[in-house]
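Asker: Attaching a single structure in structure tokens format; questions to follow.
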Amino acid sequence: MVEIRYGDQYEITDLAGQTVCEAREHFKPDFGIPDKAQARLNGSKVKSGAELDTVLNDDDKLTFAVSRSRTPFLIGALLLALAVTGGMFAFGFINASTTLTATTVNSNFADVSVNTTGTGNLTWNAFGFFKGSIGGPNSIFNITPAIGYTGDLVTTVTLGNGDQLVERYRVLALQLEMVNSSNNATLDINESGAADANDWVMLTLDNGSVSLFTTAGSTNMTIRVKKGFYITHVFPFAGWGGSASPELFCEVAQR
């Protein structure tokens, strides 16, 4: 269950698996949430551009709030400046110019690569009308931040061929985690402030895109399939259609 709040209005409801954007649109008419309201997930700001990719999990707290305008204070400060300086502005301007020095680094802020060893080990054979498990952990993607980059990252993993998978599976679920590439130590991906057993996300046919949030640092990271499970359809008389093999897409962005 997810708690959603705007002002004095709040509700605890089943929003797990939905995005912040979907939750905003759902409660916008009932709570009167304005478009300019800032979303906060578990106390952390969610940028407007990230609302489409930020998926809610159980026990999350989503709050919308409108920041107070500072325009009156700016106007007051300007009037005070005019009063102190008198008519100085009427006689002319004193100008100065400068050139800022900036360089571009010959690398991306982070790179993504497929962990071929892990993906080679991550295989299964499924009968029709069958419940099976997916072993792990197995590494699938490597995330390598650039040397000197210290910003926060959000890594999104998406099912690329869900339309093909649903022809063979009724249920397909992959539990994903992120670890330190050097020692396989679990990393905090849910912004709880501590890396623990709760730092994982579930990629499913119903929830085909998940995000993993990591804080500032240049640690090389690895995304792993911790474990998983599936249920297949009955084998059709005309033979299988679609595909049994998930295609995973990984994207890293700044936040």
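Asker: Looking at segment 161-176, can you tell me whether even one residue there is modelled with pLDDT of 95 or more, buried (at least 21 other Cβ atoms within 10 Å of the Cβ) and under 30 Å from Val105 (Cβ atoms)?
Answerer: Yes, some residue in segment 161-176 is modelled with pLDDT of 95 or more, buried (at least 21 other Cβ atoms within 10 Å of the Cβ) and under 30 Å from Val105 (Cβ atoms).
Asker: Among the residues of segment 97-126, what is the count of those that are over 15 Å from Ile143 (Cβ atoms) and touching a residue at least 24 places away in the same chain (Cβ under 8 Å)?
Answerer: 4
Asker: Considering only segment 135-153, I want to know if a residue exists there that is closer than 26 Å to Asn106 by Cα, surrounded by 18 or more Cβ atoms within 10 Å (Cβ to Cβ) and of a type in the set (S, T, N, Q).
Answerer: Within segment 135-153, one or more residues are closer than 26 Å to Asn106 by Cα, surrounded by 18 or more Cβ atoms within 10 Å (Cβ to Cβ) and of a type in the set (S, T, N, Q).
Asker: Quick test for you: out of Gly228, Gly208, Gly193, pick the one residue that is modelled with pLDDT under 95 and assigned by TED's automatic domain parsing to the domain that holds Met178.
Answerer: That would be Gly193, the only listed residue that is modelled with pLDDT under 95 and assigned by TED's automatic domain parsing to the domain that holds Met178.
Asker: Still on this model: Which one is farthest from Ser243 (Cα to Cα), of the residues in segment 98-154 that are assigned to a strand (DSSP E or B) and of a type in the set (Ser, Thr, Tyr)?
Answerer: In this case the residue turns out to be Thr144.
Asker: Being within 20 Å of the chain's Cα centre (by Cα) and either hydroxyl-bearing (Ser, Thr, Tyr) or modelled with pLDDT of 85 or more (or both) is true for just one of Thr13, Thr19, Thr85. Which residue is that?
Answerer: Just a single option satisfies the conditions, and that option is Thr19.
Asker: Which strands (runs of 3 or more DSSP E) sit wholly inside segment 209-254 and have at least 2 residues that are closer than 18 Å to Leu159 by Cα, of a type in the set (Phe, Trp, Tyr) and in contact (Cβ under 8 Å) with a residue 40 or more places away in the chain?
Answerer: It comes to 221-232.
The values are calculated or read from the model by the stated rules, or taken from the named source; none is laboratory data. Only a predicted model underlies this, so the values are computations on that prediction, with no experimental measurement involved. Ideal geometry is used to build each Cβ from the backbone, glycine not excepted, and the neighbour counts take in all protein chains shown.
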